[in-house]
Structure formats: structure tokens, C-alpha cells
Amino acid sequence: MFQYTVTSDAAMQNVGAKIGQLVEPGSVIFLKGDLGAGKTTFTKGLATALGIQQYVKSPTFTLIREYTSGRIPLYHMDVYRLENGGGDELGLEEYFNGTGVSVVEWPQFIESEWPADYLQITINKIAVDDNQRQLVFKPQGQQYENLVAQLAVAL
């Protein structure tokens, strides 16, 4: 496990960009955190590092947004609306086992669909009145342990 603190949206995007430089096809990143914690802000930075020019916005109402113009496709998912189940009908394993990077907000609602290996990032607000956030990186599997080790050096 690795922890890192950011103090601005730009710093959050920078962390996303550093991870975007390290991911490979088939990478799965789970983002946990309260509403407004910075999950989509993180994803914007990751998308930039992948070379995606499109504006990245939260997929809250569409569940999945696909960005295919970068060096690796980005599949940005917000499964909050699946709080009462239904993830098994989305074909998530096709995304998780595919050629893109899957970033999933609110992954706890599809836990039965999780692949064996992934990177979970929990974003905790430190202070309500500013942008200070603590990021807790929990890798599952050797690929993600290596990624987090490289990230710790890069940050």
C-alpha cells in the first residue's frame, strides 16, 4: 500500500497523468471516494497522458464513456447507479479483459465482477474547505505492485 497527498485539482490530474504513463492494455483501476472527492479529475489526468483530446466528463448518467483516440482506449465507468445490482448485465469482463484501460468509479457496487488483478485508489478528503486529498493506493497482483512502486518513485 502507498499513500500520497494532493492539495489541488492540478496535483490530482498530475497523479492521474503519472499513472496514465504506466498503464498498459487491460489495466483496471478502481476509484473509491465520496461525491466530489476528485475521481473524474484524476481520470482527466490519466486521459491526457493517454493522448486523449476529448473532454472527459463523469459518466454518471451513461454508466460507461469510451475514449478511443489515445494510444490506449480509455473506458471510464461510473457504476453508482448499480447500487442495487445489475453489473453482471453490462459485460464488464469484456472491458476488463480488453485492450483498453478501465477506470471504474464506485467499484464497490460491482464487486462480484472484479477481475483478479487491479489497482484500487481510495480518495479521502482531508479538509472539507480545501482541495487536500489523501490517495491510498492498494495494488492487487504483481503488475499493479510494480506500477505503484514506479509511481512512488515518479511522485
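The values are calculated or read from the model by the stated rules, or taken from the named source; none is laboratory data. Values in this document were obtained by computation on a predicted structure and should not be read as measured data. We place every Cβ from the backbone using ideal geometry, glycine too, and count neighbours over all the protein chains shown.
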query = Can you spot a residue in region 144-155 that is under 23 Å from Asn97 (Cβ atoms), of a type in the set (Asp, Glu) and in contact with a Phe, Trp or Tyr (Cβ under 8 Å, 6 or more places away or on another chain)?
reply = no
inquiry  = Which numbered condition in (1) closer than 22 Å to Asp34 by Cβ; (2) at pLDDT 90 or above; (3) surrounded by fewer than 16 Cβ atoms within 10 Å (Cβ to Cβ) is the only one that Ser58 fails?
reply    = (2)
ask   = If you scan region 1-22, which residues turn out to be within 17 Å of Gly100 (Cα to Cα) and surrounded by 24 or more Cβ atoms within 10 Å (Cβ to Cβ)?
value = Gly16, Ile19, Gly20
Residue count for region 46-65, restricted to those that are out of contact with any Asp or Glu (no Cβ under 9 Å at 6 or more places or on another chain) and of a type outside the set (A, V, I, L, M, F, W, C) = 6
query = Do any residues in region 104-127 that are on the phi > 0 side of the Ramachandran plot have Cβ atoms under 8 Å from those of residues that are crowded, with 20+ Cβ neighbours inside 10 Å and assigned to a loop (DSSP other than H, G, I, E, B), where the two are at least six apart or on different chains, and which pairs are they?
reply = Trp106/Val79
query = When region 125-142 is examined, which residues are found to be modelled with pLDDT under 95 and crowded, with 16+ Cβ neighbours inside 10 Å?
reply = Lys125, Asn131, Arg133
key: Selection count, region 128-155, where residues are in contact with a Lys or Arg (Cβ under 9 Å, 6 or more places away or on another chain), of a type in the set (A, V, I, L, M, F, W, C) and either without any contact (Cβ under 8 Å) to a residue 40 or more places away in the chain or in a helix (DSSP H, G or I) (or both)   = 3
inquiry  = Quick check on my filter: what residues within region 35-49 are out of contact with any Phe, Trp or Tyr (no Cβ under 8 Å at 6 or more places or on another chain) and either under 16 Å from Val23 (Cβ atoms) or in a helix (DSSP H, G or I) (or both)?
reply    = Lys39, Thr40, Thr41, Phe42, Thr43, Lys44, Gly45, Leu46, Thr48, Ala49
